[in-house]
Amino acid sequence: MFQHDRLNSEITLLQKIKNLDYTLLISVTLLSVISVLVMYSTDGGEILFHTKNHFLKLAVFFPLMIFVALFNIKFWHNFSYIIYFIVMLLLIYVSFFGIKASGSQRWMDVYFFVLQPSELMKIAIIMCLAKYYHRLKVENVNSFTSITIVLSVIIIPTIFVVSQPDLGTSILIALSGLIILWLGGVKIKYFIYSFITFLISLPFIISFLKPYQKLRILTFLDPDRDPLGAGYQIIQSKIAIGSGGLDGKGFLKGTQSYLDFLPEKHTDFIFTLFSEEFGFVGSVGLLILYSIIIFRIIRIGSISRSNFARLFCFGYAFAIFIYIVVNLSMVLGLLPIVGSPLPIMSYGGSSMLATMIGFGIVLSAKINHKQMIA
Amino acid sequence: MIKSNSGIRKTDVINRRMFIIGAAKVVVFAGIVARLFSLQINENKKYLTLSDKNRIREWKLPPTRGNIVDYFGNVIAGNLKVYQLHIIPEQVENFNYLLVRLKNLLNLSDKKIARINKLKAELKPWDSIIVSENLSWSQFVKINNYLYDLVGVKPVMTISRNYPFNDVYTHVLGYVSQPNEKEILNNQIIQERFVPGMKIGKLGLEKRLENHLIGTNAIQRYEVNAYGKRINQLEHQKGQQGSKIRLTVDTEIQKACRELLNEKAGSISVMDIYTGDIIAMYSSPSYDPNLFLFGISQDEWQLIRNNPLKPLINKTLSGLYSPGSTIKPIVALSALENNVIDTKFKVKCTGKMELYGQTFHCWKEKGHGWVSLKNAMKQSCDTYFYEVSRLLGVDRLNITAEKFGLGKKVLGEYFDNEKKGLFPNTKWKKNNLGRGWVLGETLITGIGQGYIQSTPLQLCMMTAQIANGGYAIKPKIIVDSNPISYEDAKQSMESGLLFDSNSDSLLDKKLFKNKKNIKIVQESMFASTNERFGTSYKSRIDDPKYQFAGKTGTAQVKKISKRERELDLELEQIPYKDRDHALYVAYGPYVNPRYALSIIIEHGGSGSKAAAPIAKKLFKLIIDRHELRNKQSNFERITI
């Protein structure tokens, strides 16, 4: 790594650690602690499979975040395209040789860990596009070539992920990419035209959806049409959240989850359990914690000298925001059910790995915020 | 590049764009908080209710039926602890092994095993299967001894209906059993309280008083998980036992009736002549209602059903008999009241009477000679009553008879199987048979044959109303909220007024025009039992304490042919089905009478030989129990 940043070789390891963003670090630590406690609750107040594994993953990925942070932001800039291509190859690999589970093929076994490359793509696409816009001249931002390139960068992985099938993740990847386009300066009218086109073609898109996906949309519009079938998840989720009240039912006392009424309580619906046990106060507290994290990332972005770091931080902050909004809207019945985890809180290694790498790069940007990249 | 214009411009673009989405983020987060607020604060109650509805499930337990007690408080329909055996399939390690073990321990039939397997397939694995509803104590002990080997087996103690006097009260109480769908749907209360294993009244008072006896369910609240499995018990709400019902009956007398009618088909009714309390009401043969509690076996059911003595029929209320000579007191009273005859009026009995070429026989072939009312009653002379009823006419007789309760239901509201019988008149025949009344029919009506049909309880009530001096009574079997005491009833009758327990008013219930006429009938009934040549003279009791007055009756079940009359067969020589019914009505003690009774022995032969001797045995007991009964005044008030 030293050969890559001779210019900053005077920054010692100690100084690097000193320069870490402790607000962000403490917030992430706090979130990790909360996530372990909530996982403990989903296991019915015992240290079982999910608690153990979640803790284990945190124990590996939290240090990994620091490790990532110790690399100069220039290093991540230099490797952005390569990382994007590696993740893309992995995506292609799983679409042919991936592990199938519950009707979709999106995982690969990497000996100690089952990896979901689409989760890594959420970060890789931000890195790739951040680098692209970092290097692109302002005059060329709205040129046909550049728009074609960036749209291809977004659409290719999105299509692979949609075909797994995994609508939730593909939407998140696409949105993560699009935000960089936005930040990069693509004309606002393009966004407006695209949005109008999207709305017009929506019925057409819906006709291409798989039957279960259509059902999710119908269920979202009217959960009571099949309260024990398709509407069950969202109804039970709303009951859990609503019954939490102001201050919740208390830690380990969430009846909805304890008595198995909540589906997917470890993963996508983890917020439901948290909200049932800690109520409105806890939920808002969690949102504030997430807001602090997002705010810190934006802050780091805005002090960064390089546009790569700036774009990455702003993009990543937006991505985190989108993950949270999509997940919460889903469990609160504001959006149809699409599989999307809540960062750090949800059980799932790939998602946590990607999130931690993202935090790591952000921390690296903080440490090296004065670093300029040619 | 670093210092280039474009670099700075780019940074500006990025920052400006960031600011726009930053603002959007705040709005979106505010929206999410608003949604949280609406769910968790505004609609908290609604979702809390839904959450409780999710997790709390109630289990209703069968209600405990109210006890039915006799006049002295003895439980005649109670509840008993029973031992049951349940299997909880999910706890069983090896179901087939368990069934083999249980089969050996309890001698279960293959059919039962098949049924258990079927239930197992139908029920959820944590729902218990009832293997045996009623284990004997020794079986229960056996199961408990082997419990270590019977994983998933649960011995359970529960409550079941029990009739401690077995068949003694069957026709009064009826019995309980599992309700069918129609019974559940037709009764709101049963519908609300129904739980599998619950039993309801199927017959008699158990059925009639269902809504009072049923009791309320005990409720157990459990927390359940999403699959309906019970996680833990939250609370147990005790049910309330059904109302206790006290009857007017006396178990000792009821038991005596059963003994006296042993192996005979017939009925005995005993009534308080002032209060109308039914002291005993037994129809023989009876059957054990306990057999029906856990499902009667086919063999036992066939045995009851095919018994030629017809145990399923409540003869006291649904048995229709010709009253025979027991009607004669009413005929005499009617004639006296209508001034058709007086005590001096005499008829010469030659053993038969000719009318329009038809011969009407007296039971005594040689005839009674000249007989007055008293002698005619005493010896039950048919010729005398032919003549009297000829003079009286059936319509006037009908009026008197109906006043005394014939042709009307006695307890109507309590038993749906009660029959009202028939006392004919000319109008009835015209309306129902479309033909005119024939005088000959008046004659046979006058000796209680022909169209006339009565239930044993009607005859008992008729006798009671003669015995009390001719006042209407309202017979009852349940001690109600406003019981009338013996003294009150008697006093109000003697003062000419009757205390009506239902309307709390004193009503004139005089059934006679001239009190003297009642007295004359009473005297002639006394003579019939206590004077030489009386038809029931042999069954008399001389001790004035027990002395009673009565009237025998022998009801023909088929017309006697001339040949049979000449043969004058002994009872044993006549086929059972063709034998006469033996009847006896009586009241006592003669001085200060208190109780009336009616006895019917189906195909028992003559009333004097078969029925009257039973009265003699019974009266001693009835009178002896009187003092005890009088002391028993601690009425428990029950509103029916």
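FYI, it's all coordinate maths here, none of it is from the lab. The shown structure was predicted, so the numbers you read here are calculated from the model rather than taken from an experiment. Every residue, glycine as well, gets a Cβ built from its backbone with ideal geometry; the counts of neighbours run over all protein chains shown.
What ranking do B:TYR222, B:TYR595, A:TYR190 get, fewest neighbouring Cβ atoms within 10 angstrom at the top?
A:TYR190, B:TYR222, B:TYR595
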For segment B:251-631, whose charge dipole is built from +1 on Lys and Arg Cβ atoms and -1 on Asp and Glu Cβ atoms, the candidate among B:SER284, B:PHE423, B:LEU621 with its Cα farthest towards the positive end is B:PHE423
Over segment A:6-364: Rg over Rh, Cα atoms, Kirkwood Rh
0.97
If one puts a single equal scatterer on every Cα of segment B:245-301 and applies the Debye formula without solvent, what log₁₀ I(q)/I(0) results at q = 0.22 Å⁻¹?
-0.90
When the Karplus curve 6.51 cos²θ - 1.76 cosθ + 1.60 is applied with θ = phi - 60°, which whole-Hz ³J(HN,Hα) does each residue of segment B:584-596 get, with x for Gly and Pro?
8, 10, 7, 9, x, x, 4, 8, 6, x, 10, 10, 10
Taking beta carbons within 10 Å but only from partner chains, what does the mean come to for residues A:323-329?
3
About its Cα centre, what dipole magnitude does segment B:59-246 give when the only charges are +1 on Lys and Arg Cβ and -1 on Asp and Glu Cβ, stated in debye to the nearest 20?
80 debye
What's the angle, to the nearest 10 degrees (0 to 90), between helix B:5-37's Cα axis and the longest principal axis of chain B?
20 degrees
I'd like the orientation of helix B:110-122 relative to chain B: the angle between its Cα long axis and the longest Cα principal axis, in ° from 0 to 90, rounded to 10.
40 degrees
Could you list which residues have their amide H under 5 Å from that of B:ARG246, counting only those 5 or more apart in sequence or on another chain, with H placed in the peptide plane?
B:VAL69, B:VAL479
Could you put A:PHE144, A:PHE160, B:PHE140, A:PHE85 in order, starting from the residue whose Cβ has the fewest other Cβ atoms within 10 Å?
A:PHE144, A:PHE85, B:PHE140, A:PHE160
P(r) of segment B:59-246 over all Cα-Cα pairs, binned every 10 Å from zero, in whole percent:
8, 30, 32, 24, 6, 0
For segment B:65-82, Karplus couplings with θ = phi - 60° (6.51, -1.76, 1.60), whole Hz, Gly/Pro x:
5, x, 7, 10, 10, 7, 4, 9, x, 6, 6, 10, 9, x, 10, 10, 6, 10
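Whole number please: convex hull volume per residue, Cα atoms of segment B:380-484, in Å³.
Values: hull volume 12.6 nm³, N = 105.
Output value, Cα hull per residue: 120 Å³.
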Relative contact order of chain B, please, whole-number percent, based on alpha carbon pairs below 8 angstrom and at least 6 residues apart.
13 percent
Can you work out the base-10 log of I(q)/I(0) for the protein assembly as shown at q = 0.06, 0.10 1/Å, using the Debye formula on its C-alpha atoms alone?
-0.66, -1.11
Could you give the size of the charge dipole of chain A about its Cα centre, using +1 on the Cβ of each K and R and -1 on the Cβ of each D and E, expressed in debye and rounded to the nearest 20?
1220 debye
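Once a ≥ b ≥ c are taken as the square roots of the eigenvalues of the Cα gyration tensor of segment A:1-101, is the result rounded (a/c under 1.5), prolate (a/b larger than b/c) or oblate (a/b not larger than b/c)?
On the way: a/c = 3.59, a/b = 1.27, b/c = 2.83.
Since a/c reaches 1.5 but b/c is at least a/b, the shape of segment A:1-101 is classed as oblate.
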Averaged over A:132-140, how many beta carbons belonging to a partner chain fall within 10 Å of each residue's beta carbon?
3
Enumerate the calculated ³J(HN,Hα) couplings along segment A:36-50 in order (Karplus 6.51 cos²θ - 1.76 cosθ + 1.60, θ = phi - 60°), each rounded to whole Hz, writing x wherever the residue is Gly or Pro.
5, 4, 5, 4, 4, 5, 5, 7, x, x, 9, 8, 10, 2, 5
Which of B:ASN96, B:THR343, B:GLY470 sits farthest toward the positive end of the charge dipole of chain B, with +1 on the Cβ of Lys and Arg and -1 on the Cβ of Asp and Glu?
B:ASN96
Averaged over its residues, how many other protein chain Cβ atoms are within 10 Å of peptide A:259-266's Cβ atoms?
3
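Using the 2.2 N^0.38 Å rule of thumb for compact globular proteins, work out how segment B:1-123 stacks up: its C-alpha Rg over that value, please.
2.64
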Rounded to the nearest 10 degrees, the helix A:117-135 long axis (Cα) sits at an angle to the longest Cα principal axis of chain A of 30 degrees
Ranked by GNM mean-square fluctuation in chain A (Cα springs under 10 Å), the top entry among A:VAL284, A:VAL33, A:VAL87 is A:VAL284
By the Cα gyration tensor axes a ≥ b ≥ c (a/c under 1.5 gives rounded; else a/b larger than b/c gives prolate, otherwise oblate), the shape of chain B is prolate
Any idea which of A:ILE206, B:PRO323, A:ILE196 is furthest toward the positive side of the dipole for the protein assembly as shown, if Lys and Arg beta-carbons carry +1 and Asp and Glu beta-carbons -1?
A:ILE196
Listed residues A:LEU178, A:LEU89, A:LEU353, most fluctuating in chain A (Gaussian network, C-alpha, under 10 Å):
A:LEU89
Partners for B:LYS559 among aspartates and glutamates (Cα-Cα distance below 13 Å; same-chain residues under 8 apart left out):
B:ASP578, B:ASP580
Ranking B:LYS616, B:LYS53 by Cβ neighbours within 10 Å, fewest first, what do you get?
B:LYS53, B:LYS616
Cβ under 15 Å from A:ILE206's Cβ, A:ILE206 left aside: what net charge do those residues give with Lys, Arg +1 and Asp, Glu -1?
+3
Within the set B:LYS244/B:LYS419; B:LYS315/B:LYS374; B:LYS403/B:LYS429; B:LYS255/B:LYS490; B:LYS118/B:LYS154; B:LYS515/B:LYS617, which residue pairs have Cα atoms separated by over 23 Å?
B:LYS244/B:LYS419; B:LYS315/B:LYS374; B:LYS255/B:LYS490; B:LYS515/B:LYS617
Over chain A, what is the relative contact order in whole percent, taking alpha-carbon pairs under 8 Å and six or more residues apart?
27 percent
Please state, as a whole number in µm²/s, the translational diffusion coefficient that the Stokes-Einstein equation yields for segment B:251-631 at 4 °C and 1.567 mPa s, with Rh defined as the Kirkwood radius across alpha carbon pairs.
62 µm²/s
Alpha-carbon Debye profile of segment A:166-284, log10 I(q)/I(0) at 0.11, 0.12, 0.20, 0.24 Å⁻¹:
-0.56, -0.65, -1.04, -1.22
